[in-house]
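S.K.: Please find one structure pasted underneath; my questions will follow.
The values are calculated or read from the model by the stated rules, or taken from the named source; none is laboratory data. Predicted, not measured: the structure shown is a model, and the values here were computed from it. Virtual Cβ from ideal backbone geometry, glycine too; neighbours counted across all protein chains shown. Accessible surface is based on the protein model in full, side chains and every heavy atom, while ligands, DNA and RNA are left aside. Shrake-Rupley method; radii C 1.70, N 1.55, O 1.52, S 1.80 Å.
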Amino acid sequence: TPNDLAIFNRDYPASNESDLYAEGKVLYVSRERETNNACFVFNDLIKVRIQGQDEKIINTSDIRLPGKHNLENVCAAIMAAKLTGVSTKVIASVLHTFSGLPDRLEYVSEKRGILFYNDSLSTIPEAAVEAIKTFTNKVETLIAGGHERGIDYTGLGKYLAKSSVRTMILFPPSGDRIWQAVVAAGGDKRIIKYDVSSMHEAIVYASEETSSGKICLLSPASASFGIFKNYKDRANQFKKEIEML
C-alpha cells in the first residue's frame, strides 16, 4: 500500500523495472551506481542517500562477508535496518563481525596445503559462478552436480571454460549436463573431469589434484537429493571426509 516500503535492486532489468508496479514508497540498492533514496557501493564505500543527503556506513574492505555479490545483500540489509530505526553504529558493528552462514562460502580447513570451502547451499549455476569469482583465480578444483532439475548450465559452462578451475569432480545426474556445457564451451581442452558417486571419492580426487595454496570448492549448482538427504547432509559429509584426510 502507499503506507508501505519497497526496496528494489537497480542492477538487474527485471527488478529495476518492477518499481513501476510498486504501490509503496520505493527505495533502491545497487553495487554498480549512485542513486537517490538508496543504499549503494561507491569508491569502496557503502553509502545511504536519502533525499540527496549522503551518509557513509562502512568501507567495503571492513566487511567480513566474502564475495562482491554479497555487497548487494549487505546494501539490502542496511536499507532495511535503517528504515526500521537501527543506528549506523550498530549496522557497522554487525558488518565488521558477521562472516556468513554455514554452508555458504564457509571455510572448512586447510589440509595438505589445500584450502577447502563449503558452499553446499549453492544450488543454482549463478551461485556457483559468484562463489568462484569470490576467490580470484584461486579455485583450482570444483565439486559440483547432484539432483537433476532441468536447469540451463550454458552460462556456467562458458564461465568455467575460462576460469581458474582445472579439475571438476561431478556427482550424477546433473554433473553430466554441467560437463556437457563445459565441453560445448571448449573447456574440456584444459579441465580434467572425475565422475563420482560418493563424497569420499570426491575428496580423494580433490586431495590428489589440487595444488598446495589453491582452493577446493564445493559449490554444486544443483540440489542435493539422491546421493545426499539434503544440502546439510552434503555439507556434513564434505567436512567429515576432509577431517579424515
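S.K.: Pairs of alpha-carbon atoms within less than 8 angstrom and 6+ residues apart define the contacts here; what relative contact order does the chain have, in percent?
M.R.: It rounds to 17 percent for the chain.
S.K.: Something else now. Just checking my list (1) 18.8; (2) 21.7; (3) 19.4 against Kirkwood radius over Cα pairs in Å computed from this structure; which label fits?
M.R.: Identified label for the calculated read-out: (3).
S.K.: To make sure I understand the rule: partners must be lysines, Cα under 27 Å from the Cα of LYS82, and not fewer than 8 residues away in the same chain. Which ones qualify?
M.R.: Counting by Cα, and skipping residues close in sequence, LYS82 has these lysines nearby: LYS25, LYS47, LYS56, LYS68.
S.K.: Using a probe of 1.4 angstrom, how much of the accessible area of the chain is carbon and sulfur, in percent?
M.R.: 51
S.K.: Can you show me the helix-derived [θ] at 222 nm for the chain, built from DSSP H runs with n ≥ 4 at -39,500 (n - 2.57) apiece and divided by the number of residues, rounded to the nearest 500.
M.R.: Using -39500 (n - 2.57) per qualifying helix, the result is -10000 deg cm²/dmol.
S.K.: About the Cα centre of the chain, what is the dipole size in debye to 20, counting +1 per Lys and Arg Cβ and -1 per Asp and Glu Cβ, all else neutral?
M.R.: I would put it at about 420 debye.
S.K.: Moving on to the next point. Work out how much length LYS232 to GLU110 would gain on full extension: take 0.36 nm times their residue separation and subtract the Cα-Cα distance, in nm to one decimal. It would help to have the intermediate numbers written out before the result.
M.R.: Values: separation 122, 0.36 × 122 = 43.92 nm, distance 2.06 nm.
Between LYS232 and GLU110, full extension yields 41.9 nm more.
S.K.: Can I ask one more? Nearest 5 is fine: what % of DSSP beta bridges in the chain come out antiparallel, could you say?
M.R.: Roughly 40 percent of the DSSP beta bridges within the chain come out antiparallel.
S.K.: Can you work out the accessible area per residue across the chain, with the rest of the protein chains kept in place, probe 1.4 Å, in square angstrom?
M.R.: With the other protein chains kept in place, the chain gives 50 Å² per residue.
S.K.: Ok, one more. Report P(r) for segment 114-164: all Cα-Cα distances, bin width 10 Å, range 0 to the bin holding the largest distance, values in whole percent.
M.R.: Bins of 10 Å from zero give 22, 60, 18, 0 percent of pairs.
S.K.: Relative to the longest principal Cα axis of the chain, at what angle does helix 199-209 sit, 0 to 90 degrees, rounded to 10?
M.R.: Between the helix axis and the principal axis of the chain, the angle is about 90 degrees.
S.K.: Heavy atoms of the protein only, probe of 1.4 Å, neighbouring chains included. What is the accessible area of CYS39 in Å², nearest 10?
M.R.: Roughly 0 Å² of CYS39 is accessible to a 1.4 Å probe.
S.K.: Another question about this same structure. Please go through the residue pairs LYS162/LYS232; LYS158/LYS189; LYS189/LYS239; LYS193/LYS232 and name each one whose alpha carbons sit more than 21 Å apart in this structure.
M.R.: Violating the 21 Å limit, Cα to Cα: LYS162/LYS232; LYS189/LYS239; LYS193/LYS232.
S.K.: Amide H of PHE225 versus every other amide H placed in the peptide plane: which residues, excluding those fewer than 5 positions away on the same chain, fall under 5 Å?
M.R.: Under 5 Å from the amide H of PHE225 lie the amide H atoms of HIS147, each far enough along the sequence or on another chain.
S.K.: Right, something else. Between LYS240 and ILE124, what FRET efficiency follows from the Cβ-Cβ distance if R0 is 25 Å, with the result rounded to 0.05?
M.R.: On the way: r = 25 Å, r/R0 = 1.00.
Taking R0 as 25 Å, the efficiency between LYS240 and ILE124 is 0.50.
S.K.: While we're looking at this one, here's another question. Under the Kirkwood approximation applied to all pairs of distinct alpha-carbon atoms, what is the hydrodynamic radius of segment 75-126 in Å?
M.R.: When all Cα pairs of segment 75-126 are included, the Kirkwood radius is 13.5 Å.
S.K.: Would you pull out the residues with amide H under 5 Å of SER198's amide H, same chain only if 5 or more places away, H placed 1.01 Å from N?
M.R.: The answer is none.
S.K.: Separate question: Between GLU32 and ALA184, what is the label-to-label distance in nm when each label sits 7 Å out along the Cα-to-Cβ direction?
M.R.: Roughly 2.4 nm, to one decimal.
S.K.: Can you tell me the length gained on complete extension of the stretch ASP19 to HIS96, counting 0.36 nm per residue apart and subtracting the Cα distance?
M.R.: 24.6 nm
S.K.: With Rg and the Kirkwood Rh both taken from Cα atoms, where does Rg over Rh land for segment 23-156?
M.R.: Across segment 23-156, the Cα-based Rg/Rh ratio is 1.03.
S.K.: Another question, if that's okay. Need one number: the % of Cα-Cα pairs in segment 115-245 sitting beyond the 17 Å mark.
M.R.: Cα-Cα pairs of segment 115-245 separated by over 17 Å account for 50 percent.
S.K.: I would also like to ask the following. What number comes out for the charge environment of ASP11, summing +1 per Lys or Arg and -1 per Asp or Glu over other residues with Cβ under 10 Å away?
M.R.: Taking every Cβ under 10 Å from that of ASP11, the sum is +1.
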